[in-house]
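Here is the structure we will look at.
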Amino acid sequence: MNISRELINKFLKGRCTPEEHAFVQSYLEEHGEDAAAFFPEEEWTEWSEDNSYDESRQDEIFQLIVQQLQEEELQPRLYLSFLYRVAAAAILLLVCALGERATRHDQAPLITGIQREIPTLYRINASNQPMNIVMSDSSSVLLYPNAELRYAENFKWKNKREVWLVGKAKFSVHKDKTKPFMVYSDRLVTTALGTQFIVDAPRQAKHVVIRLLEGSIRVEDYQEKINGQYISQILRPGEEVNIQLSTLSLLADVPKKAPVSPDQKNVPAVSKPEELAFKNKKLAEVLSEIDKAYGTDTRWSIAGIEKLHFSGRYERNADNYRVILNDIAVLHHLILQIDDNGKGAQLKQEINKSE
C-alpha cells in the first residue's frame, strides 16, 4: 500500500478501512516531516466545500483522533507527528464549519434540515386604547383592547404570513402575491394578499364577525377535514359576515325584500339607492355623500383630509351610518363621537397617534 493525497483525505474524513487507517497512522508517526507535502497551505486556503461530507460525523471524527492521541505514548521522535495530526484535525473541523456556514447562507430556504428557528412574537393589548403593530413585511395591525396576537418575528423564510388572533383587530396587509396573509380566529381562517379588513373573534365566543374595508378576502374553515363541515366565503368591500362557529352558518344574511302587496303596486315608489358604494374616493366627498344619504350632520377636524381616501360598499339603512363612520375612523386612526340624537357625528384626529 502506498501513501497518497487521496488516502490522506480519506483518513481525515474517517472513510478509511481499518487496514488503511493503520497504514496512514503508522506513516504519519514515522514520516512526520514528509507528510507535510500532503498538506500544502494553498490547498487549505483554496478549499471548496465537499458536498458529500457527512456533517453528522464531525464530532465522531474529532473524538476518534483525540482518543488515539491520548492512548499513545508520545515519544520525542513523534512530536512533529503529534503536531501534524492535531493541526490536521483542527483544520478539518474549521473547514467543515465554514462549509456548513456557506451552505446555510446559499441554500437556507431550500434545506429544511438547517433552517433557522424563527422566534414567535406575542402581543397582548391590556390598555383601553387600540395598539398599533407593524410587522416585518410592513403590514400593520390595529389591536383593540383585550385582544391578543401571535405571529412570526420575520416572514422572510416563510411561504405564507400566518397570524393567530383572539379578540378584535384591524389589518392593513402589505401586498405580496407570493405569500398569502392568513388570520386564524378560532376555527376560521381569513386569507388576503393585500387589503384592509377587520376581524372580531372574542375568546370563547360563539361567533366571529369579519368586515372587509378594501380589496378582497376569503373566509373559510381551516379544520374542515376534522369537523366534516365547510364554509368558503369571498367578501367584497363593505361586506361583513357573522359566522356561528358551532355550525359554520351565517348569522347575518342580507335581508330579503318583503313581497309587494297589490295595494302597494299603484303607489309611486320613492327612488332611493339600495347601497352606498365608494371606490378610492376622497374622504371629504365620502362624508358629504353620507350626510346627503342619511340627512345627517357630520363634522370633522382632520389635517390633510384632502389626501385621504376611502373605499367601501354598504347597504343603505339607518344603522350603517354609524358603521361607515366607524370604519373610516379605524382606517384613518380618527376619534369618532356620535351625537346623542344619532343625527350627526364628530371626527377628529387621535391625540399622540401611533405611527
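Data overview
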quantity	calculated
Count of the range 245-261 residues which are exposed (fewer than 14 other Cβ atoms within 10 Å of the Cβ) and modelled with pLDDT of 50 or more	5
Every residue from the range 287-340 that is touching a Leu at 6+ places or on another chain (Cβ under 9 Å), closer than 26 Å to Gln129 by Cβ, charged (D, E, K, R) and not in a helix (DSSP H, G or I)	Arg299
The one condition in (1) over 30 Å from Asp176 (Cα atoms); (2) in the same structural domain as Thr195 (by TED's automatic domain parsing); (3) modelled with pLDDT of 85 or more that Asp297 fails to fulfil	(2)
Tally, over the range 122-154, of residues that are crowded, with 18+ Cβ neighbours inside 10 Å, under 15 Å from Gln196 (Cα atoms) and in contact (Cβ under 8 Å) with a residue 60 or more places away in the chain	1
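The values are calculated or read from the model by the stated rules, or taken from the named source; none is laboratory data. Small disclaimer: the values here were computed from a predicted structure and weren't measured. Cβ: placed from backbone, ideal geometry, glycine included. Neighbour counts: every protein chain shown.
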